[in-house]
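The values are calculated or read from the model by the stated rules, or taken from the named source; none is laboratory data. Source: prediction; values computed, not measured. Here Cβ is always computed from backbone atoms with ideal geometry, including for glycine, and neighbour counts include all displayed protein chains. Ligands, DNA and RNA are stripped out before the accessible areas are found, and what is left, the full protein with its side chains, is counted by its heavy atoms. Shrake-Rupley method; radii C 1.70, N 1.55, O 1.52, S 1.80 Å.
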Amino acid sequence: QVQLVESGGGLVQTGESLKLSCAASGSISSINGMGWYRQAPGKQRELVARIRNGGIINYADSVKGRFTISRDNAKNSGYLQMNSLKPEDTGVYYCNADVLPSDGGLLTRYWGQGTQVTVSS
């Protein structure tokens, strides 16, 4: 079993910064990719950023130049540095990880429980 725990959310004002962390634990052989998604009230969950093996990174157009995704493979952790935050960045942020389990099972995507980010104007 694999667990993902996000942290670092909170309430900030427009223009401020937050750094989200996502720690994966459990029966992990390797992690192929990690991503951050967000869901605003009344809206669908959307991709914010994703980092895959080899350093391949994708960002949503709305966060390019403001957000930076990174990962620490040794710690099975991922991060999302969010700068110049805007009210439209408000939502619940979820991380996910594509995990190859240590028991030889199939590559599986796991999700965290989410962390709230609120940006006031």
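Taking 21 Å as the straight-line reach from the Cα of Lys64, the lysines in range (excluding those fewer than 8 positions away in the same chain) are Lys19, Lys43, Lys86. Accessible area per residue was computed with a 1.4 Å probe on protein heavy atoms; Leu80 scores about 0 Å². Annotation for the stretch 16-76: trypsin sites (Lys or Arg not before Pro) lying in DSSP loop with at most 15 further Cβ atoms inside 10 Å of their Cβ are Lys43, Arg45, Lys64, Arg66. Computed from backbone phi with θ = phi - 60° and the Karplus coefficients 6.51, -1.76 and 1.60, the 3J(HN,Hα) list for the stretch 64-78 is 4, x, 10, 10, 9, 9, 8, 8, 10, 5, 5, 9, 6, 10, x Hz; x is used for glycine and proline. Relative to the compact-globule estimate of 2.2 N^0.38 Å, the Cα radius of gyration of the stretch 56-109 comes out at 1.42.
Just to verify a number: what accessible area does Trp36 come out at with the full protein assembly present, 1.4 Å probe, Å² rounded to tens? Result for Trp36: roughly 0 Å² accessible.
Projected label points at Leu100 and Ala40, each 7 Å from Cα along the beta carbon direction, are separated by 3.8 nanometres. Springs between Cα atoms under 10 Å define the GNM used for the chain, and in it the highest mean-square fluctuation of Pro101, Pro41, Pro87 occurs at Pro41. The amide H of Glu16, built 1.01 Å from its N in the peptide plane, has Leu85 as neighbours under 5 Å, considering only residues 5 or more places off or on other chains. Computed from the C-beta positions of Thr118 and Lys75 and an R0 of 25 Å, the FRET efficiency is 0.40 to the nearest 0.05. Relative to the current alpha-carbon distance between Asp61 and Lys19, full extension at 0.36 nm per residue lengthens the span by 13.2 nm. The Gln3 and Leu47 beta-carbon pair, evaluated with R₀ = 30 Å, returns a calculated FRET efficiency of approximately 0.85. With Cα atoms as the point set, the chain shows a radius of gyration and Dmax of 14.2, 48 Å.
Computed over the chain with a Gaussian network model linking Cα atoms closer than 10 Å, the most mobile of Ala97, Ala23, Ala74 is Ala74.
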